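Data block below; observations after.
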Amino acid sequence: EAVPVIAIDGPSASGKGTVAARVAAALGWHYLDSGALYRLTALAAQRAGVAWDDEAGVAALAATLDVDFTETAIRLAGEDVGDAIRQETISVGASRVAALPAVRDALLFRQRAFRRAPGLVGDGRDMGSVVFPDATTKVFLTASVEVRAERRYKQLIEKGIAANIQPLLQDLRERDERDSQRAVAPLRQNEDARLLDTTEMTIQQAVNQVLTWSGKVL
Ligand code: C5P
């Protein structure tokens, strides 16, 4: 019997990470933040002096990333980089390295390794389409770009990181464009995924909807 997977895909700052982590906690399942792997790859490249468009160089780094995900921290070679990978420059870098097929390939098997009993909730852009095509529940979670910019803004301010709405909005629009126009694993709603538009929803409402769709009503 295959280990069940709930795949939650959607655009940047949609809240899918928060929803996915809460669904995983509610079920006692594992959680994969696949975007963090792309962010870690971009950070590792920056630190190694490898350009974000050097496909072979970045792919080699992706294949050998020394990462450790715990409940409270994301570590790269032992160092807690949870805040470093959320910086806007690294967000841009992540979306650049994510457009390179060899990098996506290098990260594919690492992502599948997260699938362990009793279940996995994965969030990203291609969880339901490429990484876990046999996922039991597939959700495309989105929100208007304005609401997403507002959510990202609040998140940054809460962390004590300086931010402005306008550049965030601009950056989200550019990233949406790059993520949905790329040739490999573009961001789009899969035909077998359910649409969850959270523009006017609370996090808890979104969590409950995913749990209901997965047949795991608590
Ligand atoms: O979800 P998050 O914003 O952390 O992802 C960072 C970047 O990584 C995205 O802009 C996207 O380009 C890329 N990504 C991806 N496939 C995934 C997850 C993230 O291409 N499964």
Look at residue 72 and say whether it is surrounded by fewer than 17 Cβ atoms within 10 Å (Cβ to Cβ) and farther than 28 Å from residue 180 by Cβ. yes
For the subset of the stretch 15-35 comprising residues that are within 15 Å of the ligand (Cβ to nearest atom), of a type in the set (Gly, Ala, Ser) and surrounded by fewer than 22 Cβ atoms within 10 Å (Cβ to Cβ), which member is nearest to residue 107 (Cα to Cα)? 35
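Yes or no: residue 96 closer than 30 Å to residue 198 by Cα, of a type in the set (Lys, Arg), assigned to a helix (DSSP H, G or I) and within 13 Å of the chain's Cα centre (by Cα)? Break it down stepwise before answering.
On the way: closer than 30 Å to residue 198 by Cα: yes; of a type in the set (Lys, Arg): yes; assigned to a helix (DSSP H, G or I): yes; within 13 Å of the chain's Cα centre (by Cα): no.
No: the conditions fail for residue 96.
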Exactly one of 200, 191, 150, 174 is open to solvent by 80 Å² or more (accessible area, probe 1.4 Å) and within 11 Å of the ligand (Cβ to nearest atom), and that residue is 174
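Can you go through 124, 78, 128 and tell me which one is over 16 Å from residue 20 (Cβ atoms) and either away from the ligand (no atom under 13 Å from the Cβ) or surrounded by 15 or more Cβ atoms within 10 Å (Cβ to Cβ) (or both)? Steps first, please.
Details: 124 fails: over 16 Å from residue 20 (Cβ atoms); 128 fails: over 16 Å from residue 20 (Cβ atoms).
Sole residue among the options that is over 16 Å from residue 20 (Cβ atoms) and either away from the ligand (no atom under 13 Å from the Cβ) or surrounded by 15 or more Cβ atoms within 10 Å (Cβ to Cβ) (or both): 78.
Determine if the stretch 101-108 includes at least one residue that is closer than 14 Å to residue 33 by Cα, modelled with pLDDT of 95 or more and not hydroxyl-bearing (Ser, Thr, Tyr).
Taking the stretch 101-108 first, the residues closer than 14 Å to residue 33 by Cα are 107-108.
Keeping just the survivors that are modelled with pLDDT of 95 or more gives 107-108.
The next check asks that each one be not hydroxyl-bearing (Ser, Thr, Tyr); those that pass are 107-108.
Scanning the stretch 101-108 turns up at least one residue that is closer than 14 Å to residue 33 by Cα, modelled with pLDDT of 95 or more and not hydroxyl-bearing (Ser, Thr, Tyr).
The values are calculated or read from the model by the stated rules, or taken from the named source; none is laboratory data. If you're wondering where the values come from, they're calculated on a predicted model, not measured in any experiment. Every residue, glycine among them, receives a Cβ derived from its backbone with ideal geometry; neighbour counts consider all protein chains shown. Ligands, DNA and RNA are stripped out before the accessible areas are found, and what is left, the full protein with its side chains, is counted by its heavy atoms. Shrake-Rupley method; radii C 1.70, N 1.55, O 1.52, S 1.80 Å.
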